[in-house]
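The values are calculated or read from the model by the stated rules, or taken from the named source; none is laboratory data. These numbers were taken from a predicted model, which means no experiment stands behind them. Cβ atoms come from the backbone with ideal geometry, glycine included; neighbour counts cover every protein chain shown. When the accessible area is computed, the model is the full protein with side chains, heavy atoms only, and any ligands, DNA or RNA have been set aside. Shrake-Rupley method; radii C 1.70, N 1.55, O 1.52, S 1.80 Å.
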Amino acid sequence: MSVVTLLLVNMLLHLTAGVCLFVAGRSLRAGAALSLWGLSNLVYTAGFIVLVQRPSPSLDAYFSLGGNLLIDLGAAIAFLSLHRLLGGSRHDLWPLLPAALLSLAKVAFTLAVEYNLSLNIVLGCLSRALLAGMGSWLLLRRAEPWLRPAAWMVAGFQLLWVLLLLTRVVWQAAWALRPDAALMGSLSDPTSAISLLLRSVITFTMTVGFLWMISRRLEATLVRQATEDPLTGVANRRALWEKAERLIGSAASRRAPLSVLMVDIDHFKSVNDRWGHGMGDRLLKAVAGALTDGVRTGDMVARVGGEEFAIMLPDADAATAAAVAERVRAAVALLQVEGDEGALSCTVSIGHATLAPGLPWERLIKAADEALYNAKRGGRNRVEAAAAPVA
């Protein structure tokens with residue numbers, strides 16, 4: 001296949017991917033990363049369009065330089081897209097500076113000396129290899145566990161692209177200072193054909209991989225919204241009930257105990273009335289954090305009402321449940337939430353109950369609720385146990 005044909009194939013691939021991904025990203029509420037990936041493909045397309053323009057021999061060098069600079073820009077936008085998707089820090093953006101300097105070096109050499117195709121290829125490939133390599137590092141280091149299969153596939157193709165770019169650098173390095181390399185047309189580059197052919201394959205596979213990552217991110221978001229309390233970040237009532245049904249069955253088969261704590265913030269209405277709902281929300285987050293820090297590994301904290309939480313304790317008998325309840329009660333009593341009018345503190349009342357194996361979850365939660373009301377009636381800021389194991 002000729003270089004012109006391969007350029008057209010790459011142009012169409014990038015144009016199709018760019019339009020589809022950019023439009024899809026703009027239609028999604030959290031599609032900024034997808035839009036950036038689409039934009040990078042559109043910039044690549046513009047670069048290829050400029051590369052194939054030949055208005056006059058005297059302008060060939062400048063069109064070749066301009067097209068390659070646009071491709072450099074597309075690589076930078078693709079890196080930003082991965083950075084946005086993976087939530088990278090500002091420190092992770094450092095490759096943009098050396099990549100930009102390599103691109104500017106092409107401009108400076110062309111304006112100060114002459115246009116040299118081999119030198120431009122070397123500098124451009126180094127710039128793109130740096131960005132692709134650091135994009136792979138982000139994918140391998142920053143991707144959450146549930147995103148890793150898709151992220152590692154994209155990282156693999158990114159690293160393959162880095163290898164191809166560096167191979168081209170080695171090939172062209174021997175040509176960079178040759179006198180006959182000056183003002184060579186970009187289409188006469190002997191490494192262009194194989195590079196463009198492999199680029200078309202990698203463009204397609206990386207686009208599929210990026211869509212896979214986006215779909216995994218959306219799936220995780222939906223799961224989180226269905227199972228997590230949006231304010232405090234702990235589980236919601238639905239997630240607690242679903243897990244409880246599974247644990248009840250497991251406890252019955254192993255004849256193991258299962259306990260639950262019902263936790264209620266004392267006088268929470270007065271907090272909202274005096275301090276405002278914003279301060280009330282901050283207090284809820286602080287209490288949820290204290291409860292989460294105070295339980296054992298494997299326990300589950302959930303928000304089941306406005307100021308009410310439940311803590312499920314697998315393999316916990318009444319004595320263990322009482323110890324955990326007292327620990328989290330004391331931890332909450334030490335909380336200090338800073339507000340405009342000073343520091344706010346609170347206490348919680350806790351009821352706990354332990355279920356005999358094989359009996360319904362509803363019996364357990366009802367007994368813990370009754371124990372909670374006894375704690376309220378007994379003066380608050382205290383722990384009360386159900387009268388006996390629920391049977």
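Among Ala316, Ala33, Ala150, the largest mean-square fluctuation in a Gaussian network model of the chain (Cα springs under 10 Å) belongs to Ala316. Applying a length cut-off of 30 Å (Cα extent along the axis) and a mean Kyte-Doolittle floor of -1.0 to the DSSP H helices of the chain leaves 3-27, 60-86, 117-142, 148-173, 192-227.
Put simply, the amide H of Ala235, placed in the peptide plane, has neighbours under 5 Å in Asp229, Val301, Arg303, leaving out anything fewer than 5 places away on its chain.
Computed from label points 7 Å out along Cα-Cβ, the spacing between Asp315 and Thr167 is 5.2 nm.
May I ask you to give the solvent-accessible area per residue for segment 290-370, in square angstrom, as obtained with a 1.4 angstrom probe?
Per residue, segment 290-370 has an accessible area of 41 Å².
Springs between alpha-carbon atoms under 10 Å, Gaussian network over the chain: tell me which of Leu111, Leu69, Leu196 tops the mean-square fluctuations. Sorting by GNM fluctuation, first place goes to Leu111.
Taking the chain as the region of interest, the number of lysine pairs whose Cα atoms are within less than 18 Å, with members eight or more places apart or on different chains, is 4.
Descending by average beta-carbon neighbour count within 10 Å, the peptides 93-99, 361-367, 333-339 line up as 361-367, 93-99, 333-339, the highest first.
Pulled fully out, how much extra length does the chain show between Ser2 and Asp293, if you take 0.36 nm times their separation in residues and subtract their Cα-Cα distance? Let's see the in-between values first.
Values: separation 291, 0.36 × 291 = 104.76 nm, distance 6.40 nm.
Full extension of this stretch gives 98.4 nm more.
A straight chain from Asp281 to Leu101 at 0.36 nm per residue would run longer than the Cα-Cα distance by 60.0 nm. Entry note, the chain: the mean residue ellipticity at 222 nm calculated from DSSP H runs of n ≥ 4, each adding -39500 (n - 2.57), is -22500 deg cm²/dmol after division by the residues and rounding to the nearest 500. FRET efficiency for the pair Leu197 and Glu338, taken as 1/(1 + (r/R0)^6) with r the Cβ-Cβ distance and R0 = 56 Å, rounds to 0.35.
Taking R0 as 41 Å, what FRET efficiency do you get between Arg380 and Leu218 from their Cβ-Cβ distance, rounded to the nearest 0.05?
Values: r = 43 Å, r/R0 = 1.06.
Computed FRET efficiency for Arg380 and Leu218 comes out at 0.40.
The label point for Arg54 and the one for Arg26, both projected 7 Å from the Cα toward the Cβ, are 3.5 nm apart.
With a 1.4 Å probe and every protein chain kept in, tell me what percent of the accessible surface of the chain is carbon plus sulfur. List each step's numbers first, then the result.
On the way: 11790 of 18670 Å².
Roughly 63 percent, rounded to a whole number.
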